[in-house]
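Below is one structure, written out as structure tokens; the observations come after it.
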Number of protein chains: 2
Amino acid sequence: MNRKFYNAHHAPVGAFATLTLGQKGSTGGLGLELAGPANENLYVGIQDRDGGSFRALPFFTGGESHEEDFDVEHLSGFGRPNAVTAFADEEIERTMGAGVDEWRAGDMVFRLISPVRSVPDPETATVEALKTAITPAILAELTIDNREGTTSRKVFFGYQGSDRAAGMRVIKEPGLTGIAQHTFTAIASDDPAVHAGIAFQPEKVLEPDTEENLEFLVGRLGLLVGTVPAGQIHTFRFAIAFFREGTATTGIKTRYLYRRFFNDIESVLRDALKGFEATKHEAEAFDAQLQSRLSPERAWMAAHAIRSYFGSTQLLEREDGQPLWVVNEGEYRMMNTFDLTIDQAFFELVLNPWTVRNVLDLYVERYAYEDGARFPGSDEVHPAGIAFTHDMGVGNAFSRPGYSGYEQARLKGCFSYMSVEELMNWVLTAGLYDSHTRDMAWAISQRETFLASLRSLVNRDNPTPADRNGVVGLDADRCQGGAEITTYDSLDASLGQARNNLYLAVKGWASYLLLEDVLRRLDEVEAANEAKEQAAKAAQTIMSAANEEGLLPAVIGEGVEARIIPAIEALVYPFALGLEIDPELQATLSKHLSAVLKPGICKFADGGWKLSSTSRNSWLSKIYLCQFVAERVLGFAADAEADVAHVNWLLDEENAYFAWSDQMLQGKAVGSRYYPRGVTSILWAATGENPLAELAKAFGHTEQPVA
Amino acid sequence: MNRKFYNAHHAPVGAFATLTLGQKGSTGGLGLELAGPANENLYVGIQDRDGGSFRALPFFTGGESHEEDFDVEHLSGFGRPNAVTAFADEEIERTMGAGVDEWRAGDMVFRLISPVRSVPDPETATVEALKTAITPAILAELTIDNREGTTSRKVFFGYQGSDRAAGMRVIKEPGLTGIAQHTFTAIASDDPAVHAGIAFQPEKVLEPDTEENLEFLVGRLGLLVGTVPAGQIHTFRFAIAFFREGTATTGIKTRYLYRRFFNDIESVLRDALKGFEATKHEAEAFDAQLQSRLSPERAWMAAHAIRSYFGSTQLLEREDGQPLWVVNEGEYRMMNTFDLTIDQAFFELVLNPWTVRNVLDLYVERYAYEDGARFPGSDEVHPAGIAFTHDMGVGNAFSRPGYSGYEQARLKGCFSYMSVEELMNWVLTAGLYDSHTRDMAWAISQRETFLASLRSLVNRDNPTPADRNGVVGLDADRCQGGAEITTYDSLDASLGQARNNLYLAVKGWASYLLLEDVLRRLDEVEAANEAKEQAAKAAQTIMSAANEEGLLPAVIGEGVEARIIPAIEALVYPFALGLEIDPELQATLSKHLSAVLKPGICKFADGGWKLSSTSRNSWLSKIYLCQFVAERVLGFAADAEADVAHVNWLLDEENAYFAWSDQMLQGKAVGSRYYPRGVTSILWAATGENPLAELAKAFGHTEQPVA
């Protein structure tokens, strides 16, 4: 935990925007809808006590003046000697929660404050509550302690906007001084002691030749500068805002929902500054909760993950005014990828359950499809039924109805269809939502979807009722002869193939349990009984697959002897709902986990968890989830050594550029970087029998469940 | 002229948008509001006769699949072997005019057609005429001659959008098949034989496994594919469109004026395709005119320059509906830089005089300022009067009223104020507009500006009437003790310093002549007489500065003995207006030019013109202008050797990336790259006594002069 130079998101809610910061060099910056960090110079610093030079956090490389593009023969002598240098590494301390990220260096304290808050349901919230929750800005405090100083000293904060379509500008309005790149990004203060400037180099704004020279729009660096008299300590407040006009997404035409309230970035800045104290207290309260409930390693990982999640969120409004919630898939920017929706549902149910419902509804409206199924090697198509797509599109482009941006026919590996697992994902996410909110009106509205999902799941087991074993036995006809994969799409066959997969067998079992539960409440007795029966068959099939040592094969009955941790993953769903778990199945999975959770099988040399014994690729979001299941469902002790290993993966010098990342190949982030899914870690913070209700209470979800 | 791999703009009018293309590799692409080429892969090609492989123009580097970001252990075997290779250099022929750029290779012809047309005055034009003129799209024809083929063959055209905020998508509407990046850029066809796809690699769209796989939105390449049966020749038509919603500029809030007519990029594509034939014929007619009037070298340079100019144009609409015309300054993106406005005025007056008036009006409204003047080394401020800023802002950010984005106080070189030259620029540009259009109502409306300009020019000569010599003797007070520079800001003192500069002395003389002309027509007799007197003094001062060999010093009376070609530049203004030029002054300047236009003085070793004997930096736009003056005003023979040298500068391998560039340091483009100013070359095409009227007739400006 002693490394401090790693990028983290500092993001508002629902703006698909982030100030990513923390690694050294120009590796962070203000990003809008990006697949990775903005890679721009960012300057935060103070004047030395002796007044002669300036020290900054090391978030710049400089050297981007472009002066020589104008003064090609260097005749003007326009440039100034560098007076801004970085603090030495050892002078800098950093403390990061989910809300507040704080750096201390010399006489300076710099705090970035990200809103950590629920988004109220736009269809029922007051204008003021909704506006406050989704104001597309974060906040900063920059303190200089000049009590020992003998002269007035300056503080500064600025950036070199990297959007290629626009220059930098100054904002100068009554009560607001700022720098901006077009209408896209801005930093501003309401402090009257702050001045703003644009220049090639910070020195020109820190010590302008003359006030008239400050708006040198040819420059690419915007800087805000404040002055504090000798003997004083002063904190400057800033808002950092993001703004996107016009069409936000194609396919489904939307705009950002915050456009209801804001017509320009200046009004965003003003509102963010107005709500400064409330946002700060909310963020600090969230951090306090997290820290009181978790070990330092876990608190840090959860905070890091929550940041990356918020940076990927996008609250849109359709042309008819309906809200549309999107979580973008990190570096891939796939929209509402269902594999992520289900894992993030725990966190979203804690904060704002309506977003989960919103995504489920859009899956039913546009991203469900009817399909048949085939046995491997056969051309015969059997009836199957409803399934759901893997995602809703990529990079602000919604895909066509019934199709994801990802799935391709005629494949057996990565990019193949995930029909049956996405079907389970709908069922399980809907079950979580239904159980947590008791939103019975919604459950009733989805009666046909629940029934169709059960029918489709059963059909994909086996077309012949007598031959059903509760486990998926056919591939979607959409594959056109290819093979369905699981959402562990980049792992090897141990988690890749859907048919007879152990992980999916348990997930199917859980789906049947949750279907039984909701269908019984919907008074669909026959269907509920069928779901119960299928669950029992699945449990039986799984238990029968154990070998004499209690080990379960990754693929049942196909000779794939790899060992996988995610066999236990789906236990989380009945546990979260308080449903009874078959004690024999639980014992079987517990025994399996005990047997595999060892070096050489499902542990790396550093003690980190290895999801599959045969793949070097392990996913942190899933590890977090399985840790929760192991500890809370199966009663395993917390694995502190693993937590340390996982922290070290994230802090690895190369990985640290991508903020929180998921896919780790022997500890190296190779895919799913800059990723939102790590919020499964919120479950760690639950200690009681009803984790979602407990977490909602602790982390400030104040919405009442819908009657 | 045998090099063919150079970037050129292919741009609509007023959209600040361009398909830049022609250099090898991923150095071109669809750019919106950029300071340089978009650097994206672009694929244009055909299937080989044997059907096994595909050949494309060499505008791609490939290798951008990002497949490995998903399938991190390369388990899927998803990729296809490369089947698309580039034509060999020697197979490719290219012919470029201002409107049509044509490549021939094998059985393929690819033509990019850029609109070359007048923009009618938005305040008087019909909706239809205005809409047609500013539709933000260009066109393409892709022909495959499969008459010798024995199987059906495919053609393809596509790009890998480089905007970092969005993914690629497919457009599939009745009568329109396309690929797009968000709402920003798109290519589409109305040909029913075309299909569209998104993929990692072109092979997947050229030969899809199955039609359902074509919308793989995870891919970054969009491709359109058409098929032509054996024995046929077929031409596919495409539109390439650009679209920017929302606030276009800050400072002065505007949107693109085309937003009046278009709500999405799809409607732009449809309209562009609808007007295909008309746009094509217009472009071909323009090219024919250019080629009939100029040597191949000059026709090519003029065509190249016109393209770069159009790619920098931006027609906006203010919140009150008023049109606002901007030409962005190439790689610098300064807006309506006055130094460029005056040079581009010849071209704009030929095509659409209202744009010149529009810029002049905004200079008066917002970018004029009142100032004093000082003698060098003195703090005493003398009255001066009106001046104008260097530009109106940078990169879509209008600067604050009365200030440019460029000028800085307390300097003596690059980035200093250009007050007096920008004042002359207003006078001369206004004089050109007034004379060409005989828009007397406008001249009357600007009576006070003309009078104030005369007053200010005279004051900047000398505060004491008896000491006036017609030449600038003071520096603007805005310099705060620094020195004013000329708009030749990156050259050495020969053209850098404003005071007593020879180039500015002649430009001042011309300003007085034009002021006399317009003031006399405004019946301001006294002022007209004063202007005449100042012109005579200036002429006298200039003539007296000649040494015994007839050489004029670059700076008069200050011992700067450098020799400069632009001494003659300002002769163009009285010549264009048909005003009488003092024969003695003309003889003096002619003699000076004869004396300097020699190797070792104002010629480079390759025969190219060297603007200053003491600077290696020479500017093509100004060379073109001075060539016109030398030939048409002073009667020098055309310098064909110089033209060849100038062509070779532009075709230099490094320079060719930037399309047309201005500042050449011994033939290397070091500044003012990707630049609009080369349209001074349009003057080459005039042969008679009234160049602007003649060119307007030849190049299709059909607007009637305002009564």
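The values are calculated or read from the model by the stated rules, or taken from the named source; none is laboratory data. These numbers were taken from a predicted model, which means no experiment stands behind them. Every residue, glycine as well, gets a Cβ built from its backbone with ideal geometry; the counts of neighbours run over all protein chains shown. Surface areas here come from the heavy atoms of the whole protein model, side chains and all, with no ligands, DNA or RNA. Shrake-Rupley method; radii C 1.70, N 1.55, O 1.52, S 1.80 Å.
Kindly indicate whether any position in segment B:375-388 is within 11 Å of chain A (Cβ to nearest Cβ) and of a type in the set (D, E, K, R). No - not one qualifying residue is present in segment B:375-388. For segment B:112-127, what are the residues that are among the aliphatic types (A, V, I, L, M) and part of a loop (DSSP other than H, G, I, E, B)? B:VAL116, B:VAL119, B:ALA125, listed by residue number.
For segment B:529-552, the tally of residues that are of a type outside the set (A, V, I, L, M, F, W, C), open to solvent by less than 10 Å² (accessible area, probe 1.4 Å) and at negative phi stands at 1. Here A:SER612 passes the criteria (1) under 21 Å from A:GLN344 (Cβ atoms); (2) in contact with a Pro (Cβ under 9 Å, 6 or more places away or on another chain) except the one numbered (1). Looking at segment A:395-436, which of the residues that are within 7 Å of chain B (Cβ to nearest Cβ) and open to solvent by 10 Å² or more (accessible area, probe 1.4 Å) is nearest to A:LEU571 (Cα to Cα)? Going through the qualifying residues, I end up with A:GLY413. Yes or no: segment A:356-364 includes at least one residue that is buried (at least 24 other Cβ atoms within 10 Å of the Cβ), within 29 Å of B:ARG220 (Cβ to Cβ) and not assigned by TED's automatic domain parsing to the domain that holds A:LEU454. Yes, segment A:356-364 contains at least one residue that is buried (at least 24 other Cβ atoms within 10 Å of the Cβ), within 29 Å of B:ARG220 (Cβ to Cβ) and not assigned by TED's automatic domain parsing to the domain that holds A:LEU454. Report the residue count in segment B:592-616 for those that are touching a helix residue (DSSP H, G or I) at 6+ places or on another chain (Cβ under 6 Å) and either part of a helix (DSSP H, G or I) or within 14 Å of chain A (Cβ to nearest Cβ) (or both). Selection size over segment B:592-616: 5. Only one entry of B:ASP606, B:ASP582 meets the criterion of being over 18 Å from B:GLU561 (Cα atoms), open to solvent by 10 Å² or more (accessible area, probe 1.4 Å) and touching a residue at least 60 places away in the same chain (Cβ under 8 Å), and that entry is B:ASP606.
The numbered conditions (1) of a type in the set (Gly, Ala, Ser); (2) touching a residue at least 24 places away in the same chain (Cβ under 8 Å); (3) more than 14 Å from chain A (Cβ to nearest Cβ); (4) open to solvent by 10 Å² or more (accessible area, probe 1.4 Å) are all true for B:SER308 except (4). Can you tell me which residue in segment B:331-345 is least open to solvent (accessible area, probe 1.4 Å), limited to those that are touching a Lys or Arg at 6+ places or on another chain (Cβ under 7 Å) and of a type in the set (Asp, Glu)? Out of the qualifying residues, it is B:ASP343. Can you confirm whether segment B:501-517 contains a residue that is under 30 Å from B:ARG438 (Cβ atoms) and either surrounded by fewer than 18 Cβ atoms within 10 Å (Cβ to Cβ) or touching a strand residue (DSSP E or B) at 6+ places or on another chain (Cβ under 7 Å) (or both)? Yes, because at least one residue in segment B:501-517 is under 30 Å from B:ARG438 (Cβ atoms) and either surrounded by fewer than 18 Cβ atoms within 10 Å (Cβ to Cβ) or touching a strand residue (DSSP E or B) at 6+ places or on another chain (Cβ under 7 Å) (or both).
Selection of strands (runs of 3 or more DSSP E) fully inside segment B:617-704 by the criterion of at least 1 residues being in contact with a Lys or Arg (Cβ under 7 Å, 6 or more places away or on another chain) returns B:617-619, B:663-665. Within segment A:32-85, if we keep just the residues that are free of Cβ contacts under 8 Å to residues at least 60 places away in the same chain and not in a loop (DSSP other than H, G, I, E, B), the residue that is farthest from the other protein chains (Cβ to nearest Cβ) turns out to be A:ARG55. Looking across segment B:518-528, just one residue is outside any helix (DSSP H, G or I) and open to solvent by less than 10 Å² (accessible area, probe 1.4 Å), and that is B:LEU522. Does segment A:165-187 hold any residues that are open to solvent by less than 20 Å² (accessible area, probe 1.4 Å), under 15 Å from A:LEU223 (Cβ atoms) and over 27 Å from the mean Cα position of the chain (by Cα), and which are they? Those that are open to solvent by less than 20 Å² (accessible area, probe 1.4 Å), under 15 Å from A:LEU223 (Cβ atoms) and over 27 Å from the mean Cα position of the chain (by Cα): A:GLY167, A:MET168, A:ILE171, A:GLY178, A:ILE179. The sole residue among B:ARG94, B:ARG49 that is surrounded by fewer than 19 Cβ atoms within 10 Å (Cβ to Cβ), more than 33 Å from the chain's Cα centre (by Cα) and of a type in the set (Lys, Arg) is B:ARG49.
Is it the case that segment A:167-177 has a residue that's more than 30 Å from B:ARG244 (Cβ to Cβ) and more than 14 Å from chain B (Cβ to nearest Cβ)? Yes, because at least one residue in segment A:167-177 is more than 30 Å from B:ARG244 (Cβ to Cβ) and more than 14 Å from chain B (Cβ to nearest Cβ). Go through segment B:405-437 and count every residue that is assigned to a helix (DSSP H, G or I) and either acidic (Asp, Glu) or not assigned by TED's automatic domain parsing to the domain that holds B:ASN459 (or both). So the answer is 3.
Among residues that are open to solvent by 20 Å² or more (accessible area, probe 1.4 Å), closer than 26 Å to B:GLY219 by Cβ and modelled with pLDDT of 95 or more, B:LYS154 is included. The number of residues in segment A:459-471 that are part of a helix (DSSP H, G or I) and surrounded by fewer than 23 Cβ atoms within 10 Å (Cβ to Cβ) comes to 4. Within the bounds of segment B:691-698, is there any residue that is under 16 Å from B:ALA345 (Cα atoms) and within 14 Å of another protein chain (Cβ to nearest Cβ)? Checking segment B:691-698: not a single residue is under 16 Å from B:ALA345 (Cα atoms) and within 14 Å of another protein chain (Cβ to nearest Cβ).
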